[in-house]
Structure formats: C-alpha cells, structure tokens
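Here the structure is laid out as structure tokens; the discussion comes afterwards.
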Amino acid sequence: MSAERAAAIVGRLAERGVDVWLEGGWGIDALLGRETRGHDDLDVIVPLERLPQLEAALRELGYCFGFASGPLSFEVVDDEGHQIDVHPVRREPSGDAVYLMENGRRWTYPAGSLTGRGEIADRPVRCLTPAMALVCHSTGYALDTEHQRDVAALCEHHGLAVPKYQTA
C-alpha cells in the first residue's frame, strides 16, 4: 500500500468523523516521518463505538467485509488487494484502551499510549507513541529482518533502547 493511498484512507476516515491511530509498519513509518519499506496493509486502531462510521467509509472506498467484524479485529480488502487491518478498542474509565484478541485475551494500550503523532505523505496522522509502537512491534512473536530494521530505526530516531527479542 502506497503512502499516498494510506494517507488518503486516513483522510477519508477523518472526513467521516472517524479518527484512527496507526500501528504496525505504517505506524512506525509515520513516527519516523518517512516511508522506509513497502507495506502490504494499513493497521488502524479505532474506538469500538465508531465502527459503524468506519465500516460505512471503508465500503465507500470499495472495501469488502466478510472475514470478521467487531468487536474482534478484522480485515477488509478492496478489489485491488489493498488490505486494512482494523483493531477496535474500548476506552476504559482509567484512560486505557482495550482490544479483545481473537483468542479471547485482552491487549491493553495504557492511558496515553494513543497520543503519538506522525506523518505519511505530508499528512499528519495519529499513531501510537514511539514507546508503545516499540512494545507492539517487538513483543509476542519472532521478528524477521524487516521488523528488526523497523525496531532499530524507531529506537534510533526516538532515543529508545533496542529490546531483546526473538528472531525468525
């Protein structure tokens, strides 16, 4: 997915009153302020109560639903194969945002971790904070070379310590 397309999707969602936060590869690149590699998809976090507006906007953009739907994460794809991974979150009174994973476990984005700001194709975007992006991008799975480079670039750019992680 190109930077221009990712920025256009975020823009369309904002026009429809749906603020999203980027995570994954585009979230990292937004925090770096530049595209570092090609991306297969766009990972977005959205408040659970905004899912109807998000789904309507994505349908307008030609995305098909059918793999799953909220409150669990789900994927949508258009006719050209562009994929968006949607991670609905419920805001807790504490300020945490909780994501219900497919296996029934809960993933918590601590209060303040959705305050990151970045840029894609000259468009300001919301994303995870650098520290939270690092946790999400390096925890729970073995990292291939591409993801190791993402982690190293994020750490260097934001002065974070490179974590110990499993390699693929």
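The values are calculated or read from the model by the stated rules, or taken from the named source; none is laboratory data. Not measured: the values here are computed from a predicted model. Here Cβ is always computed from backbone atoms with ideal geometry, including for glycine, and neighbour counts include all displayed protein chains.
Evaluated against (1) loosely packed, with under 12 Cβ neighbours inside 10 Å; (2) among the small types (G, A, S); (3) at pLDDT 90 or above, S113 falls short on exactly one condition, (1).
Residue count for the range 27-71 under the criterion of being modelled with pLDDT of 90 or more, touching a Pro at 6+ places or on another chain (Cβ under 8 Å), within 18 Å of Y99 (Cα to Cα) and not β-branched (V, I, T): the result is 3. All told, R50 falls short of being assigned to a loop (DSSP other than H, G, I, E, B) and touching a residue at least 12 places away in the same chain (Cβ under 8 Å).
What do you reckon, is G95 assigned to a loop (DSSP other than H, G, I, E, B), closer than 20 Å to C136 by Cα and more than 15 Å from the chain's Cα centre (by Cα)? So G95 passes the test. Restricted to the range 9-47, and to residues there that are of a type outside the set (V, I, T) and part of a strand (DSSP E or B), the residue that is surrounded by the most Cβ atoms within 10 Å (Cβ to Cβ) is W21.
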